[in-house]
Amino acid sequence: MNIIFREKDIPNIREFDVYVKHDGYKAFEKALRMKPIDVINEVKASNLRGRGGAGFPTGVKWSFIPQSEPIKYVVVNADESETGTFKDRQIMENNPHQLIEGALIAAWAIQATAVYIYLRGEFWDIAHALDKHIEDARQAGYVGENIKGSGWSCEVYTHLGAGAYICGEESALLNSLEGKLGQPRVRPPFPAQKGGGLYSEPTVVNNVETLANVPFIIMNGADEYKKIGTEQSTGTKIFCVSGHVNNPGNFEFPMGEITFRQLIFDHAGGIPDGKQIKAILPSGGSGPIVPATDEILDTPLTYEDLQKHGTILGSASIIILDETVDITWAASKMTKFFKHESCGKCTPCREGTYWLDKVLDRILRGEGKPSDVDLINNIAANMQGVTLCALGDFAANPILATIKHFPNDFMAHVGGELKAAGD
Amino acid sequence: MSDKVKIIIDDIEYEVPAGSNLVDMAKWYADNDIPVFCYHPKMEPVGMCRMCLVEQGSIVKDRETGEVVLDENGNPQVRWFPKLQTACTQIVHDGMVIRTNTEAVKAARENVVEFLLTSHPLDCPICDKGGECPLQNLTMAHGPGTSRMNYDDKMHLDKHVPLGDLIFLDEERCIQCARCIRFQDEIVGDDVLAFHERGRKLQIITNSDPGFDTYFSGNTTDICPVGALTTADFRFGARPWELTEVPSICPHDAAGSNISLSVRLDRDFGGRAMIKRVMPRQNEYVNEIWISDKTRFGHHFTRSEDRLKKPMIKKGGVLTEATWDEAIRFVVDALKAADGSVAAIAGSSTPNEDLWTLRKLVEGLGGGLLGAWTPTHAGADLVAQVGVGKGTNLGDLGQGDAVLIIATDLEEEVPIWRLRLKQAADRGAYLVVANARKTRMDDFASDTVRYDYGQAAHAMQNLDAAIAKKLKEANNLIIVAGAEGLTLDGSRALMQAAANFLIESGHIGKPNNGLLSPFPGANGMGLHYMGFSPEATLQIMQNPPKLLIVNQAELLADDPFAAEWLNKVETIISLNLFPDAVSNMAAAALPIQSFAERDGTFTNGERRVQRFYMAQGPMGEALPAWQVFSQLSEALGQGHAKLSAAAVMKEITENVEAFAGMRYKELARVERQFPDVGGEDLYYGGTAYQNKGGLGVQIETSADKGEAVSVGEVKLPDSPKPKKGQVLVVPVAQLFNRQSTFKPSVLVHPRVPQPYVEINSKDAARMNIKTGDLVEVMMADQIRVTVQAHVNGGAPEGAAVLPRYLTDEATPMVLTVGEIKKV
């Protein structure tokens, strides 16, 4: 079932005419006939959760916006910077109007004066294409002054970042959008509050995939949407599968409909060269790694089911590691990523990522001691829960979870005692 | 701030002002030093160092009834946050509960210190900050005893990065707290520092050319919580524990910034006490904890080898070294010979004690004119009547208040006022800046007013109706009126017009209301109270006396026309720090001590009388000027000489009404100041010093006392009119210049501009002059200087702006008609 990837059913839906021919912008027109609060309530009722990783209920987020403020913004987070995530790109390349329509509905719902689509710098070609699509929508009267005679005006802009993972974090993104250094802000005030959003105005920040779900909800109603997925994880989710699989790519499924095993073996073509699957990173480098046990493999892909196993669905950037992977090496690779991407604002993250990397390098060089494993475990633990944004926690995950699930991979490097499997 | 809320810190309840910061309140009310690195009580919190983590919760209240929910023991139930919270980002609220002494908090602090030290070089033994370093202190208090970081894993970075000519960055020591960046951005408004890169590579850079281009850079070294930022002046100069702190007052401008002179017995000064650095001393009324770079780096003149070190008297037409006894006898004879035709001119940084004893000497000889130098700024008498009310604190101005700045470039004249008034505008005060040209303050103004040079008083009387209305209706209004582009008459007219405006709108006689003026020097108001006036100076110039005493006033360096009338004076007695053109003409040139070598007081522009203390060993045989005058008086049979500055002040209190109650003991009084910066608590506010020398006492205005005020009739003077092909040449202030009291600060030389004149682009086009061209500026048909042209719109059409004290030659003190020619 493709709610988002409609290009699979409708060729060239990226073109405005084709999109409109297939009911494009009807949801937006319907929304314009609704009261903004009813739009919010409909999205609330759908239980749509943010697809960027945190899974926060979208309608609730919109309802935080103080209606009394004259200037409000919608910011589309198209930074797509989580490791192993490549879904938003496909949406924006192949079904861009659905994003624009979703963003406009959100803008109407909170009565925003403008929509900013913040794209990572590498997406410059997508930004150019989006500009054209926005212009098409404008020509048809969906963007600009007095949209469709509603008396409400809204502009849509694209903006390119300069290449920082942290700018996918909403408050750092807002700083970057304002032309400032991409570092997270102190909250409260939250983006939805006066003083916390873009240029200090109340702002909704939503992921691309999240907003692409909105037209369906408005068009068909929350009840219809809730029929898809599970109670806590409504709708479809795009799973970005990469790593050791024969057929990597994006797969859209209703949440809960399939398990890891089905996704990896039935749809992503299984593991190359007949190798065994060893571990799964369900949410790129930022979510805790899990061993590919039968129990994990048979877990349905929902927010709630993954949480039961001590990990997160996150943005569902699923990276598969086969038996040839040394998890210590993987931990080191992930740590190098976070060290490179830490913005440097908070002490534990800035210093911790640097320190972890140094110790992991030592371990991989064969110069580590068993106590070094305890050391990195402790450094990582000290980074958790004490930073302004979640990057501090994310950066600790690759260490804490790898040591927890794969202690032997570490012990093999430091000459420590091997532990019995399953410990 | 009057609303109070109840918060609980470590099980004890405190009542604190609503809306205030938790770290500040914990310190002020509970004496609980929540450790911080990035937080600073003068700046917005950023919550980035994570040192201030505490357990935080709220007392649970029933949603319906609002009653406090109790637990089984009958204690209020507390809902705790699941994670530790940064105290610095918390605004106190009723029912807030925090714990700062739990295991979780201790562990968090230890962890943050450990993280910070992983990349820190730990080079305390050679670090200037060692001994007064927040990182060192908080490590001792909260850190782990040992390091788990391999030394070889430390990141190595550049240790001597000049951010500008005055400040060096040690990249290894920096802990990325951003205090320096935020200070420049939030407090100063010169956002010349920034972070570069990210993660562990995050580094402070300067993005201005020249680097760190601001007049306030030194303050960043005080608030830097590590030894990352050091001054070119002090680095590797001494260890903090070798230094003795002597309270003092900045001798350079009307702000009267409270400073601390860090001295030690030094090899470089013959084993005598020597100033190693100048530090801010907290006075929330005056300069808070900030000082300008001129205040900080402008102390070298006190030890200049060019200082006059021995008394000189004319023997056979030649100035010859003499003993003090000889010199005193010589001067006494000269004074007697003058037959009562005696007058005195005192420079604007002459301390009150010197002014008083000089006045007594002149009065003892039958009286004579007492001139204030430079005779450029009128209206000190008006400031005494309707100046800012007693208790004024520029730091209190904000929403609902207003400030008008007219005919002055505060950035160049009184940088601390500029800093504080900029912040008043940030807090919501309505700031109007009026001048004939754009000045730095325009950048912070709500409205700007332009008038033609010479027309300031007229502009003051004819303000745009909407602007005038807003000023009049403000809760509090301060007018800062200078003398840029004005003659002395014009200055008086402006001061009168400003006083009238304040009187008419009722903004006098109460704190945060009234008149201010950026008088040159440190004691412009003191000159007035001691009876010296610029009007008397003009009379002296017109009618030179037989004998003229010139104290700390470089008449010929300041005024190219002075030679004309000085030549008519038979006998000049010169007292100065340096031999200058006046002392060369003098019958006696007597060496006097600078502010650093003696006790004394200055009266600042806000009429605050403030003490400075003896800090440095004397230069040669120099004496404090009050002592010289006092001895001369005694030799003339006018009574016993005073033995101490304190005794002179006692006499002043008995004779000058404004100074009643200003005994040294009173001036030395201190009180606890908020925020509680200074002292041992370096982690909180930086290395600004606690005020142990006195907050000074502000003189009441006539309006404060409810006395009648008299402004006098405003006479709008004619201003010089240039003819075709001529321009008005307007002298303006330049903070970094080549005056004798600043030139010896060699380290600032790269920042002192080459002599230049600003010319309007239209005038420049007409004269075919481009930026960088050498031009000759001819003034009043006789004064010529050759300077570089700056064509940048800084000057209005028809005017050429010539900064003072950049050229070697003296240039006119007030505006003149002149011509400009390309060389």
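Our note on the geometry: Cα centres of segment B:286-343 and segment B:69-141, 55 Å apart.
Checking the cross-link pairs A:Lys132/A:Lys180; A:Lys339/B:Lys276; B:Lys422/B:Lys770; A:Lys180/B:Lys770 against a 31 Å limit on the alpha carbon distance flags A:Lys339/B:Lys276; B:Lys422/B:Lys770; A:Lys180/B:Lys770 as lying beyond it. Lysines within cross-link reach of B:Lys6: Cα-Cα under 28 Å, excluding same-chain residues under 8 positions apart? The qualifying lysines are A:Lys194, B:Lys27, B:Lys42, B:Lys61, B:Lys83, B:Lys106.
Per-atom-type breakdown for segment B:571-628 gives carbon and sulfur 55% of the accessible area (1.4 Å probe, protein chains only). Taking a Cβ cut-off of under 15 Å around B:Ala465, the surrounding Lys, Arg, Asp and Glu residues balance to a net charge of -1, with basic ones at +1 and acidic ones at -1. Based on protein heavy atoms only, segment A:327-422 ends up with 35 Å² per residue of surface accessible to a 1.4 Å probe.
Using a probe of 1.4 Å, the accessible surface attributed to B:Trp356 totals some 10 Å² when neighbouring protein chains are kept in position. Amide H contacts of B:Thr816: B:Val729, each under 5 Å away and 5 or more positions distant or on a separate chain (H built 1.01 Å from N in the peptide plane; Pro and chain starts excluded). Each residue, B:Glu326 and B:Asp62, gets one label point 7 Å from its Cα in the Cβ direction; the gap between the two is 9.7 nm.
Restricting the trypsin sites (Lys or Arg not before Pro) of segment B:391-436 to loop positions (DSSP other than H, G, I, E, B) with no more than 16 neighbouring Cβ atoms within 10 Å leaves B:Arg427. The residue list A:Leu297, B:Ala466, B:Ala789 was ranked by how far each Cα lies along the charge dipole of the protein assembly as shown toward its positive end, using unit charges on Cβ atoms, and B:Ala789 comes out on top. Heavy atoms of the protein chains alone define the surface here; on that basis segment B:549-705 has 34 Å² accessible area per residue at 1.4 Å probe size. Largest first, the residues B:Ile205, B:Ile167 sort by 1.4 Å accessible area into B:Ile205, B:Ile167.
When both bridge partners sit in segment B:727-822, DSSP labels roughly 65% of those beta bridges antiparallel.
Here chain B is described by how far its Cα atoms reach on the three principal axes: 95, 63, 57 Å, from widest to narrowest. From the Cα gyration tensor of segment A:6-226, with a ≥ b ≥ c the square roots of its eigenvalues, which class applies: rounded if a/c is under 1.5, or else prolate if a/b is larger than b/c, or else oblate? Rounded. When the helices of the protein assembly as shown are scored as -39500 (n - 2.57) per DSSP H run of n ≥ 4 and the total is divided over every residue, the value at 222 nm lands at -8500 deg cm²/dmol. Excluding A:Pro272 itself, calculate the net charge of residues whose Cβ lies under 15 Å from the Cβ of A:Pro272, where each Lys or Arg counts +1 and each Asp or Glu counts -1. Result for the local shell: -1.
Could you tell me the calculated FRET efficiency between B:Asp213 and B:Val746, based on Cβ-Cβ distance and R0 = 22 angstrom, to the nearest 0.05?
Working: r = 19 Å, r/R0 = 0.87.
Rounded to the nearest 0.05, the efficiency is 0.70.
Against the longest principal axis of chain B, how steep is helix B:352-364, in degrees 0 to 90 to the nearest 10, with axes from Cα atoms? Value to nearest ten degrees: 20. In this structure, the amide hydrogen of B:Lys276, modeled 1.01 Å from its nitrogen in the peptide plane, lies closer than 5 angstrom to those of B:Ser262, B:Val263, B:Arg264, counting only residues at least 5 positions away or on a different chain. Accessible area per residue for segment A:26-165 is 37 Å², calculated with a 1.4 Å probe on protein heavy atoms, without ligands, DNA or RNA.
Helix B:645-655: angle to the longest alpha-carbon principal axis of chain B, degrees 0 to 90, nearest 10? Between the helix axis and the principal axis of chain B, the angle is about 70 degrees. Around the amide H of B:Leu404, modelled in the peptide plane, lie the amide H atoms of B:Val432, B:Ile478, B:Ile479, B:Val480, all under 5 Å away and 5 or more residues distant in sequence or on another chain. Residue ranking by accessible heavy-atom surface, 1.4 Å probe, largest first, among B:Met155, B:Met43, A:Met1 comes out as A:Met1, B:Met155, B:Met43. Please determine, in degrees from 0 to 90 and to the nearest 10, the orientation of helix B:103-119 with respect to the longest principal axis defined by the Cα atoms of chain B, where the helix direction is its Cα long axis. Around 60 degrees separate the two axes.
When a/c is below 1.5 the answer is rounded, else prolate if a/b is larger than b/c, else oblate, so apply that to segment B:664-823 with a ≥ b ≥ c taken from the square roots of the Cα gyration tensor eigenvalues. Judged from the Cα gyration tensor, segment B:664-823 comes out oblate (a/c at least 1.5, b/c at or above a/b). DSSP finds beta bridges in chain B, and of those with both partners inside it, around 55 percent are antiparallel.
Annotation: lysines with alpha-carbon distance below 28 angstrom to A:Lys227 (same-chain offsets under eight excluded): A:Lys8, A:Lys21, A:Lys26, A:Lys30, A:Lys35, A:Lys44, A:Lys61, A:Lys87, A:Lys237, A:Lys308.
Sorting the segments B:299-307, B:253-261 by their residues' average number of neighbouring beta-carbon atoms within 10 angstrom, most packed first, yields B:253-261, B:299-307. Under the criterion of Cα pairs below 8 Å and six or more residues apart, the relative contact order for segment A:238-322 equals 38 percent.
Straight Cα distances below 19 angstrom link B:Lys309 to the lysines B:Lys743, with same-chain residues fewer than 8 positions distant left out. When both segment B:445-477 and segment B:371-424 are represented by their alpha-carbon centers, they are found 15 Å apart.
Summarising the strand pairing of segment A:195-346, around 70 percent of its internal DSSP beta bridges are antiparallel. When only C-alpha pairs under 8 Å and at least 6 residues apart count, what is the relative contact order of chain A, in percent? Relative contact order here is 16 percent. Chains B and A together bury roughly 2600 Å² of accessible surface, counting both sides and using a 1.4 Å probe on protein heavy atoms. Taking a Cβ cut-off of under 14 Å around A:Asp298, the surrounding Lys, Arg, Asp and Glu residues balance to a net charge of -3, with basic ones at +1 and acidic ones at -1. Taking the protein heavy atoms of segment B:629-669 in the context of the full set of protein chains, the accessible area attributed to carbon and sulfur is 47 percent at 1.4 Å.
Surface composition of segment B:117-231: carbon and sulfur atoms hold 54% of the protein heavy-atom accessible area at a 1.4 Å probe. Placing a pseudo-label 7 Å from each Cα along the Cα-to-Cβ vector at B:Asp158 and A:Val18 gives an inter-label distance of 5.4 nm.
Dipole size of the protein assembly as shown about its Cα centre, with +1 on Lys/Arg Cβ and -1 on Asp/Glu Cβ: approximately 1440 debye, rounded to the nearest 20.
The values are calculated or read from the model by the stated rules, or taken from the named source; none is laboratory data. Not measured: the values here are computed from a predicted model. In this analysis, Cβ positions are derived from the backbone assuming ideal geometry, glycine residues included, and neighbour counts consider all displayed protein chains. Please note that ligands, DNA and RNA were not included when accessible areas were found on the heavy atoms of the full protein model with its side chains. Shrake-Rupley method; radii C 1.70, N 1.55, O 1.52, S 1.80 Å.
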